[in-house]
1. Restricting the search to region A:167-189, which residues are open to solvent by less than 60 Å² (accessible area, probe 1.4 Å) and at the interface with another protein chain (Cβ under 7 Å from one of its Cβ atoms)?
2. Regarding A:T136, is this residue away from chain B (no Cβ under 14 Å) and under 30 Å from A:L10 (Cα atoms)?
3. Mind counting the residues in region B:128-155 that are open to solvent by 10 Å² or more (accessible area, probe 1.4 Å) and either touching a Phe, Trp or Tyr at 6+ places or on another chain (Cβ under 6 Å) or in contact (Cβ under 8 Å) with a residue 40 or more places away in the chain (or both)?
4. So which residues in region A:139-166 are of a type in the set (S, T, N, Q) and open to solvent by 60 Å² or more (accessible area, probe 1.4 Å), if there are any at all?
5. How many residues are among the polar types (S, T, N, Q) and part of a loop (DSSP other than H, G, I, E, B) if we restrict to region A:110-160?
6. State all residues of region B:108-117 that are open to solvent by less than 50 Å² (accessible area, probe 1.4 Å) and either assigned to a loop (DSSP other than H, G, I, E, B) or not hydrophobic (A, V, I, L, M, F, W, C) (or both); if no residue qualifies, say none.
7. Return a yes/no flag: does region B:40-54 have any residue that is assigned to a strand (DSSP E or B) and either surrounded by fewer than 19 Cβ atoms within 10 Å (Cβ to Cβ) or touching a residue at least 24 places away in the same chain (Cβ under 8 Å) (or both).
8. State all residues of region B:78-100 that are at pLDDT 90 or above and more than 7 Å from every other protein chain (Cβ to nearest Cβ); if no residue qualifies, say none.
Amino acid sequence: MNPKIKLLSLILLSSTMLFFTNFIFICILAVSVLILIFVFGAQENFVKWIKPLFFIFIIVILLNTFTFSGLSGSIAGFQFGVLYALRLFVLMTLVFLFVQTTSVSGLGKAFDFMPRSISQVLVLTLALIPQVTELTEKILNAQKSRGLNFRSPNIFRTYFPVLVPLFAKTLDRSEHMALAMQARGFESG
Amino acid sequence: MAIEIKNLNFSYPGKTVLRNISLDIEKADFVGITGSTGSGKTTLAYCFNGLIPNSIRGRFSGSVRVAGLDTRKSKIPELAKRVGLVFQDPDWQLFSLSVREEISFGLLNLKMENIEKRVRESIKMVGLEGYEETEPHKISQGQKQKLCIASVLAMEPDIIVLDEPTSQLDYRSTMNIYRILERLNKEGKTVIVIEHNTDLLDAYANKVVLLENGRIAKYGPAEQVFSDKKLLEKLGVKVPEVYKK
């Protein structure tokens, strides 16, 4: 399918979710998207992708349960939280489906209709994702080989040696990338 | 004259990097720039295409003229048509989603004509046929370096500057890159290479700039610079094998 049509469908479906708050409608949408994931045979990747996000869904439900209309621990708040978490789930699943079924160059083509400077920024961001992932993996392995214990209860102590080089390297890379783009005649303004 | 530098000084805040550099590079020269780490080689390369002083801030004095244009008074895109700069690490500059898009990036920026033809030709020149739709991130390091060179070649600049183009490459890829550069030089392009491997410079460059702590320690024909073994040893630069005897 044309990446532009896919992007348009993604935008339309996501916007629909903002306006329709009907629980049954959202459930139907969730089931439909899940069926599509099975159709495309992306269930394994999907589980890997969505698993860490369950933490966010639980926070959304808890926050709504205990802060809804100023009532603490209300059923209405819980229901509202579940609805919000479900909408978030569908939204993330839609994004996953779009990314899974579109090649990286297809993703770039989907932004073709935008002004060049904007589409370039989006392409740059997309291209950065696998590179940052690879870099993170390298740093993790380097720190593991130096005996860093990821099971330590002190999160700050555990992740500091990973985040610092990751940020430093990413910033350094961005700076050089900007220079390289300018050297090939790119003007952001 | 391809590049004329007169009394160039450049300092980053709190650190002087280039000191009183005067250098003339003729058209169709193959110039090697070498020196120990931190001697100012990369900073000098940034002066060739106007990134210094137009984009990288610091204290700049003296003058750099590239193909007759004063880099202080010219915009970077204007200079980019004349000077192509290949950065040291390909991962710093490759960001497009396919090899084809990566090469056409500069051409679109400079609003050049015959983009498809130029892309095709530069891909052929570096031997990346068949990789047009591949993501740059997924090709080998040698191919990435070739892609960086192709993306500069497509812009057809008269001067090509390469910052340590073979630092991450194996022997075969290194020789491939240098053969491409040699061919371009024979076609009339001015090639400037920053390189630690003095054996390569001795084999390919006709002139060599030896930098020491931001100053030119020696500039001249390769054999003249490399035969000064005492100076090379003093600066921590490897004496090429043929001069060791």
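1. Selection gives A:R173, A:H176, A:M177, A:L179, A:A180, A:Q182, A:A183, A:R184, A:G185, A:F186.
2. Numbers: away from chain B (no Cβ under 14 Å): yes; under 30 Å from A:L10 (Cα atoms): yes.
The answer is yes for A:T136.
3. Residues flagged as open to solvent by 10 Å² or more (accessible area, probe 1.4 Å) and either touching a Phe, Trp or Tyr at 6+ places or on another chain (Cβ under 6 Å) or in contact (Cβ under 8 Å) with a residue 40 or more places away in the chain (or both) within region B:128-155 amount to 5.
4. Going through region A:139-166, the residues of a type in the set (S, T, N, Q) turn out to be A:141, A:143, A:145, A:149, A:152, A:154, A:158.
Within region A:139-166, A:N141, A:S145, A:N149, A:N154 qualify.
5. Start the filter on region A:110-160 by keeping residues that are among the polar types (S, T, N, Q), which leaves A:117, A:119-120, A:125, A:131, A:133, A:136, A:141, A:143, A:145, A:149, A:152, A:154, A:158.
Okay, now just the ones that are also part of a loop (DSSP other than H, G, I, E, B), so A:149, A:152, A:154.
Qualifying residue count, region A:110-160: 3.
6. First, the residues of region B:108-117 that are open to solvent by less than 50 Å² (accessible area, probe 1.4 Å): B:109-110, B:112, B:115.
B:N109, B:L110, B:M112 - these are the residues of region B:108-117 that are open to solvent by less than 50 Å² (accessible area, probe 1.4 Å) and either assigned to a loop (DSSP other than H, G, I, E, B) or not hydrophobic (A, V, I, L, M, F, W, C) (or both).
7. Of region B:40-54, the ones assigned to a strand (DSSP E or B) are none.
Within region B:40-54, none of the residues are assigned to a strand (DSSP E or B) and either surrounded by fewer than 19 Cβ atoms within 10 Å (Cβ to Cβ) or touching a residue at least 24 places away in the same chain (Cβ under 8 Å) (or both).
8. Pass one, region B:78-100, residues at pLDDT 90 or above: B:78-87, B:99-100.
Scanning region B:78-100 gives B:E78, B:L79, B:K81, B:R82, B:V83, B:G84, B:V86, B:V99, B:R100.
The values are calculated or read from the model by the stated rules, or taken from the named source; none is laboratory data. Everything quoted here is computed from the prediction, not taken from an experiment. Positions of Cβ are backbone-derived with ideal geometry, glycine not excepted, and every protein chain shown enters the neighbour counts. These area figures cover heavy atoms from the full protein model, side chains too; ligands, DNA and RNA do not enter into them. Shrake-Rupley method; radii C 1.70, N 1.55, O 1.52, S 1.80 Å.
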